[in-house]
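These notes are about the structure you will find just below.
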Amino acid sequence: MTPSLLAQDPTLADFGRDPWWLVLGKIVFAFAFGLLATLLGVWFERRVVGYMQVRPGPNQVGPFGLLQTLADGLKMAFKEDILPKAADKVVYFFAPTISVICAVTALSVVPFGPMVSIAGHHTPLQVTDVPVAVLLLLACSSMGVYGIVLGGWASGSTYPLLGGLRSSAQMISYEVAMGLSIVAVFMTAGTMSTSGIVAAQGDATRLTLFGTEIPAPGWYAILLLPSFVIFFIATVGETNRAPFDLPEAESELVAGFMTEYSSLKFALFMLSEYVAMVTMSAVTTTLFLGGWRAPWPITLWEGANSGWWPMLWFFGKVIALVFVFVWLRGTLPRLRYDQFMRFGWKVLLPINLVWILVLSGLRSIEDWDSQGKLIAVGIPAGVLLIATLFWPNRRPQPKPTAQEQVDSRPYGSFPLPPMDLQVPPSPRITRVVAEREPANIVAGSDSREV
C-alpha cells in the first residue's frame, strides 16, 4: 500500500464495503474512545483546575492519580440506589441512559483518520458516513434533551421537574444558534458529509494579491471565525458546562433535575456531561479545525496526513478543546438564567443571522470581476462604518446634583431649606469641649510621664 493511496480522503463510496468483523471493531473503538476519554476527562479536569487553584488535585490513587475516577465510579456503584415513592419507575430508569447513548452515538459519524489498511482491507477510520451526517449529529445532540426533561419529570418531585424544564429550555435555545452556525460550513464546503467537510478543509484557499497567489489556511475556524466562535459558545451551553452549568445550580434548584438520583443512575447523568463534552470537542474539530489533518508546520512533512499519524493530530485537537472547557470552568463565574437566555436569543442569534447574510452575499459575487467585488463590498462596508461613527449615543445623561439644581433656579424663587438634610445646632445649647492637657511632673528617680 503506497503512502499516496493511504493519504487519500474517504468518500461516501468507500463505506459499506467492510466485513462484519471490521465494522464491529470500529464500533467498539468508537465506544472505547468515548468511555476512556470520559474517564480521563474527569481526571484531567480535576488536575487542571487544581493547578489553576494552586493545589495538587487527585494524586494518590494510581500513578498521578489516574485511577481516582475509576475509584469514584466503583464507590458510586456500591452506594444505595434509592427509588422515590412517587417516581415513574420505567422512565426513571431509562432517562440517564438516553443522555449517554445519544452522546456516544454521535461518534459514529466522526472521522478519526484517512484511508488505512487493516488486515489487507482498505478502509476509512470512521464507523460510517451519510450525505447528511451533520444533521445526524444535531439530531443526537437534540435527543439528549429528552434524558434531562424525562429525568426531572419521572422523579416525582417539584424541584427536579423545574430543573428539567429549565434545562430543556436552555438546550433548545442554544441548539438554534448551533444549527445556524453550521449553515456557514454547509455553504462553504458544499456538503453535509463529515468526511467531505474534512476533505474540503484540506484544500488551502488561494488568495490573489497583486497578481500573486498566496495560500491561505483552509480551516473553517479561520475562514468562518464568527461561526466558529458562536458554535463553540453554543456547544458550552449545550453541554451544560460552566459558566452555563445552570442545570446544577445548587443555590437555586437543589442540584436541578438529578436531585432524586443516586448510585449508578447519578453516575450516568454525571458522566453523560463529560461524554457530551468530548463528543462536541470531536465534532468541533471535524467541522472547524480540519479534522484529522495535521496543523502547520507539521504539514511540511509529506507523510503527516498519511497512515495512522492523523489519529494523533485528531486526538491532540480534541484534548486542546477539552482544556478550553476546563479553562472556562476554572475562570468564569456562573451566569444568571435570565442573562444566559438573553445572551442566546438577543446576541448570538442576531449575529449569526447577519453573518450568514453577509456570507451569502460574498458567495454570490465570487464570479464577478475585481472592480465589481470591490464596489459590492466597499460600499456596504463604508455605509456601516459611517453609521457606526454617527450612531446616536443611547447612554443616559447624568443627573444634575442637588447643588446644580439649586444654582439653576431662576432669580426670585422661593427660598429652599438645607439640602443636606442636616439640622443646624441650636444656639441655646452650649457646647463644652473637654481638652486633656498632659500632666507635667518633675522628673525624678522613680517618676515617669503620665
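Projecting label points 7 angstrom from Cα along Cα→Cβ for residue 409 and residue 8 puts them 9.2 nm apart.
Computed from backbone phi with θ = phi - 60° and the Karplus coefficients 6.51, -1.76 and 1.60, the 3J(HN,Hα) list for the stretch 54-68 is 6, 8, x, x, x, 8, 9, 8, x, x, 6, x, 5, 8, 5 Hz; x is used for glycine and proline.
Under the simplified labelling scheme, the residue 93-residue 368 pair shows an inter-label distance of 6.4 nm, with each label point 7 Å from Cα along Cα→Cβ.
Of the two radii for the stretch 1-142, the radius of gyration is 1.08 times the Kirkwood radius, both from the alpha carbons; that is the Rg over Rh value. Applying 1/(1 + (r/R0)^6) with r as the Cβ-Cβ distance of residue 130 and residue 416 and R0 = 56 angstrom yields a FRET efficiency of 0.10. For the stretch 5-111, the relative contact order works out to 23 percent when only alpha carbon pairs closer than 8 Å and six or more residues apart are counted.
For the stretch 230-313, taking Cα atoms only, Rg and Dmax work out to 18.1, 55 Å respectively. For the stretch 68-134, the convex hull spanned by the alpha carbon atoms encloses 182 Å³ per residue.
Dimensions of the stretch 1-72 based on its C-alpha atoms, expressed as ranges along the principal axes with the largest first, amount to 52, 26, 20 Å. Shown here: the stretch 150-197, whose C-alpha atoms stretch 48, 18, 7 Å along the first, second and third principal axes, sorted largest to smallest. Three semi-axes describe the equivalent ellipsoid of the stretch 248-390; taken as square roots of 5 times the Cα gyration tensor eigenvalues and ordered largest first, they are 39, 29, 12 Å.
Would you list 44, 33, 288 from the most to the least accessible area, probe 1.4 Å?
Per-residue accessible area, sorted high to low, gives 44, 33, 288.
3J(HN,Hα) along the stretch 119-129: 6, x, 9, 8, 9, x, 7, 7, 5, 7, 8 Hz, from the Karplus curve 6.51 cos²θ - 1.76 cosθ + 1.60 with θ = phi - 60°, whole Hz, x for Gly and Pro.
Per residue, the accessible area of the stretch 1-104 comes to 64 Å², computed with a 1.4 Å probe over protein heavy atoms only. Looking at the stretch 61-180, what % of the alpha carbon pairs are farther apart than 26 Å? Tail fraction, whole percent: 46.
Given R₀ = 22 Å, FRET efficiency for residue 375-residue 354 by Cβ-Cβ distance, to 0.05? Walk me through the numbers before you get to the answer.
Details: r = 21 Å, r/R0 = 0.94.
After rounding to 0.05, the efficiency reads 0.60.
Exposure check, 1.4 Å probe, all protein chains in place: residue 311 carries approximately 30 Å² of accessible surface.
Label reach from residue 61 (point 7 Å along Cα→C-beta): in the stretch 12-35, amide nitrogens under 18 Å belong to 35.
The values are calculated or read from the model by the stated rules, or taken from the named source; none is laboratory data. All figures in this text were calculated on a predicted structure; none of them were measured in a lab. Reconstructed Cβ throughout: ideal geometry from the backbone, glycine too, with neighbour counts over all protein chains shown. Heavy atoms of the whole protein, side chains included, go into the accessibility calculation; ligands, DNA and RNA do not. Shrake-Rupley method; radii C 1.70, N 1.55, O 1.52, S 1.80 Å.
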